[in-house]
Amino acid sequence: MVQSQIIGNEFYQSLGKLFYSIACADKSVHAKELDKLKSFIRKYWLDVDEMVDEYGEDAAFQIETVFDWLLEYEKDAKSSYEDFEAFYKAHEDKFNSYIKVLILDTANAIANAAYGKNKAELIALARLQMLMV
């Protein structure tokens with residue numbers, strides 16, 4: 001696998017960690033949050049680039065795969081966000097203005113999906129917003 005493909009897969013995996021951290025900010029993930037994420041992946045993220053994973057699938061599905069894995073193993077939101085933040089800082093060139101807007105839109109939609117945004121989700125969204133500026 002070439003280096004750009006590895007970083008591309010890591011890019012989408014880091015987004016899975018980010019979106020999990022938003023959904024899990026209040027210590028629980030509601031089915032509506034997962035449904036909203038899947039909807040955004042199919043509606044927006046699949047069209048971002050032509051990157052594929054090692055199985056020939058669109059690399060954007062790595063977002064969902066990582067999210068599901070974190071959910072299954074009940075990982076905490078804080079470390080998931082920190083993993084995303086470290087990737088973001090190491091590869092800021094991968095995050096153009098369109099990607100940043102799409103990330104923020106996806107995160108807001110996830111947080112709003114179940115019962116509206118609660119305090120923990122608002123804090124997580126504010127932290128993400130500050131990172132992206």
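Screening segment 52-133 for helices (runs of 4 or more DSSP H) wholly inside it with 1 or more residues that are out of contact with any helix residue (DSSP H, G or I) (no Cβ under 8 Å at 6 or more places or on another chain) and within 24 Å of residue 42 (Cβ to Cβ) returns the ranges 61-72, 97-113.
Looking at residue 44, is it loosely packed, with under 15 Cβ neighbours inside 10 Å, in contact (Cβ under 8 Å) with a residue 60 or more places away in the chain and over 17 Å from residue 24 (Cα atoms)? Yes.
I'd like the residue in segment 28-41 that is touching a helix residue (DSSP H, G or I) at 6+ places or on another chain (Cβ under 9 Å) and not in a helix (DSSP H, G or I) and, out of all such residues, is surrounded by the fewest Cβ atoms within 10 Å (Cβ to Cβ). So the residue we want is 30. Within segment 74-99, residues that are under 21 Å from residue 49 (Cα atoms) have Cβ atoms under 6 Å from residues that are modelled with pLDDT of 95 or more and hydroxyl-bearing (Ser, Thr, Tyr) in these pairs: 84/14; 87/14, counting only partners at least 6 apart in sequence or on another chain.
Considering only segment 93-116, state which residues are among the small types (Gly, Ala, Ser) and surrounded by 14 or more Cβ atoms within 10 Å (Cβ to Cβ).
Once the filter is applied, which keeps residues that are among the small types (Gly, Ala, Ser) and surrounded by 14 or more Cβ atoms within 10 Å (Cβ to Cβ), segment 93-116 yields 107, 109, 111, 113, 114.
Within segment 53-66, residues that are without any contact (Cβ under 8 Å) to a residue 60 or more places away in the chain sit with their Cβ atoms under 6 Å from residues that are surrounded by 22 or more Cβ atoms within 10 Å (Cβ to Cβ) and in a loop (DSSP other than H, G, I, E, B), at 6+ positions apart or across chains, in these pairs: 53/59. Does at least one position in segment 60-71 carry a residue that is modelled with pLDDT of 95 or more, under 14 Å from residue 13 (Cβ atoms), within 12 Å of the chain's Cα centre (by Cα) and aromatic (Phe, Trp, Tyr)? The answer is yes, given that some residue of segment 60-71 is modelled with pLDDT of 95 or more, under 14 Å from residue 13 (Cβ atoms), within 12 Å of the chain's Cα centre (by Cα) and aromatic (Phe, Trp, Tyr). Pairs linking a residue in segment 106-119 that is on the phi < 0 side of the Ramachandran plot and of a type in the set (D, E, K, R) to a residue that is crowded, with 19+ Cβ neighbours inside 10 Å and not in a helix (DSSP H, G or I), with Cβ atoms under 6 Å and 6 or more positions apart or on different chains, do not occur.
The values are calculated or read from the model by the stated rules, or taken from the named source; none is laboratory data. A quick note: this is a predicted structure, and the numbers were derived from the prediction, not measured. Note that each Cβ is placed from the backbone with ideal geometry, even for glycine, and that neighbours are counted across all protein chains shown.
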